[in-house]
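Novice: Structure provided below as structure tokens; questions to follow.
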Amino acid sequence: MIKIRKSEDRATTQWDWLDSKHTFSFGDYYDPEHMGFGVLRVINEDRVDPSTGFGTHPHRDMEILTYVLEGALEHKDTLGTGSIIKPGDVQRMSAGTGIYHSEYNASEDSHVHLLQMWIIPETNGLSPSYEQKNFTAKRKPGELTLLASQDGSSDSLTIHQDVSLYVLDLAPAQSFKYAVKDNRMVWVQIARGDAFLNGQHITQGDGIALSDEKTLEFKAQEKAEILIFDLSSDVSFS
């Protein structure tokens, strides 16, 4: 089964300095039909004005992945971590028993454009932790790159849940087949570009829920950057 969550159907939060699109229920936006996909709880696409951002705020019992598309995001947290997240970087923050952090556009004259994804951990009460890596050198057109996984394989980030996050980079007209294993389901998020997935047209900002599909066939119309969340269909969290 394939179900497409079109970009224009997402909810929007607009403040003076923020334009945020919500794939699933988030903040003041509540839709019982869109509460997440398995343990994938949040996908927000944010555009933040120069020299502005999210002040210090708390999180608890959540795996938070940040993926910057354009610009630079400055992160600070109560672990003493300070970093700049740029395109090619992926950051994982495990909120665990509790953490405070801030996120600001590091530029004085350019927007920052990012995706932030929240995953429910398999266990509550973990020790807060942080990890950030750059994957630019690994990524090649027509290839799948593992960004995050439960066991940290292939030098990916380690997340505390049975989820593997990949990025698929495609050149115009390039194709790729992804085999889905038994007892798995897949969410696809189009970060950039325009493509077909199993014959259905998908564009930037679209999200696609896939269950009971054994093969995913992608074909790019233009250069495309596609995130693939491979999740256990046996949801596990407590």
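The values are calculated or read from the model by the stated rules, or taken from the named source; none is laboratory data. What you see is a predicted model; the values in this text were computed from it and never measured. Don't worry about glycine lacking a Cβ; one is built from the backbone with ideal geometry, like all the others, and counts go over all protein chains shown. Remember, those area values only see protein heavy atoms, side chains included, never the ligands or the DNA or RNA. Shrake-Rupley method; radii C 1.70, N 1.55, O 1.52, S 1.80 Å.
Novice: I'd like to know if the stretch 67-77 contains one or more residues that are without any contact (Cβ under 8 Å) to a residue 24 or more places away in the chain and either farther than 24 Å from HIS160 by Cα or part of a strand (DSSP E or B) (or both). Full working, then the answer.
Specialist: Restricting attention to the stretch 67-77, the residues satisfying the condition of being without any contact (Cβ under 8 Å) to a residue 24 or more places away in the chain are none.
No, the stretch 67-77 has no match at all.
Novice: Moving on. Would the stretch 191-204 turn up any residue that is in contact with a helix residue (DSSP H, G or I) (Cβ under 8 Å, 6 or more places away or on another chain) and farther than 21 Å from MET1 by Cβ? Explain how you work it out, then say what you get.
Specialist: In the first step, residues of the stretch 191-204 are kept if they are in contact with a helix residue (DSSP H, G or I) (Cβ under 8 Å, 6 or more places away or on another chain); the result is 203-204.
Of the ones still in play, those that are also farther than 21 Å from MET1 by Cβ are 204.
Yes.
Novice: Next question. Just checking: which of the strands (runs of 3 or more DSSP E) contained wholly in the stretch 105-222 hold 2 or more residues that are open to solvent by 60 Å² or more (accessible area, probe 1.4 Å) and at pLDDT 95 or above?
Specialist: Those strands (runs of 3 or more DSSP E) span 175-179, 200-203, 215-220.
Novice: Filter the stretch 83-104 for residues that are assigned to a strand (DSSP E or B) and either small (Gly, Ala, Ser) or closer than 16 Å to ARG47 by Cβ (or both); which is most open to solvent (accessible area, probe 1.4 Å)?
Specialist: TYR104
Novice: Residue check: is ALA171 in contact with a strand residue (DSSP E or B) (Cβ under 8 Å, 6 or more places away or on another chain), at negative phi, small (Gly, Ala, Ser) and touching a residue at least 60 places away in the same chain (Cβ under 8 Å)?
Specialist: no
Novice: Restricting to the stretch 83-92, name every residue that is at pLDDT 95 or above and at negative phi.
Specialist: Scanning the stretch 83-92 gives ILE84, ILE85, LYS86, PRO87, ASP89, VAL90, GLN91, ARG92.
Novice: With respect to GLY80, determine if the residue is crowded, with 16+ Cβ neighbours inside 10 Å, over 13 Å from the mean Cα position of the chain (by Cα) and on the phi > 0 side of the Ramachandran plot.
Specialist: Numbers: crowded, with 16+ Cβ neighbours inside 10 Å: no; over 13 Å from the mean Cα position of the chain (by Cα): yes; on the phi > 0 side of the Ramachandran plot: yes.
Against the criterion (crowded, with 16+ Cβ neighbours inside 10 Å, over 13 Å from the mean Cα position of the chain (by Cα) and on the phi > 0 side of the Ramachandran plot), GLY80 does not qualify.
Novice: State yes or no: is THR13 free of Cβ contacts under 8 Å to residues at least 40 places away in the same chain and open to solvent by 30 Å² or more (accessible area, probe 1.4 Å)?
Specialist: yes
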